[in-house]
Amino acid sequence: MYVIMIVVGFGFLLISFVAGEFLELDGAHISILRPSLIALTMVVTGGVGILMTPQYPHFVALPVGLALGILVGLGVSKTILEPLHRAQNTSTVDQQELIGKHATVVSVIPQSGFGQIMYEVNGSRVTGPAKGEDGRGVRQGEAVEILSIVDNTYFVRPVTGHEKQHDEAHFSPN
């Protein structure tokens, strides 16, 4: 019985990794209902059952294995899957939403060259390669506006005095 749980659990785990998002229940607020966590619970329950049955009867091994399987599944969900899901949701932004956004030059943008900018989105700081508008250079620490993004390179221009005061009140690179 426990070997079958392990085999079915591993099989289900493989299927859930291959099928990925098709099987995940994003609307489910109880994280143990995710198919990959059900599979993990089955594998742990089967493993604990195999280890315990030589010394304990099935009516003891099964509930202990199931309880440990659920705890491991919830632990993996809370410590690994949910933080990864949050990080993915906060860092994924449509590039069009960044046009007009203000950033700070963190690595000087030489004339006709590349530098690096940093901006904040959804509470996370993001950096990326940048070029000045019309090949202009921009000093480190300068506030800039993102004009366009081509091949993951940000094209920027320095912000004017009024825009700069507004930025300094809302964002600081440190």
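The values are calculated or read from the model by the stated rules, or taken from the named source; none is laboratory data. Every value quoted in this text rests on a predicted model; they were computed, and no experiment measured them. Counting neighbours? That spans all protein chains shown, and the Cβs are built from the backbone with ideal geometry, glycine included.
Limited to the stretch 130-146, what total is found for residues that are surrounded by fewer than 14 Cβ atoms within 10 Å (Cβ to Cβ) and either at pLDDT 95 or above or not acidic (Asp, Glu) (or both)?
Within the stretch 130-146, residues that are surrounded by fewer than 14 Cβ atoms within 10 Å (Cβ to Cβ) and either at pLDDT 95 or above or not acidic (Asp, Glu) (or both) number 4.
Restricting the stretch 111-129 to residues that are in a strand (DSSP E or B) and over 17 Å from Asp151 (Cβ atoms) leaves a set whose member that is modelled with the lowest pLDDT is Ser124.
When the stretch 36-70 is filtered for residues that are of a type in the set (Val, Ile, Thr) and under 34 Å from the mean Cα position of the chain (by Cα), the ones remaining, listed by number, are Ile38, Thr41, Val43, Val44, Thr45, Val48, Val64, Ile70.
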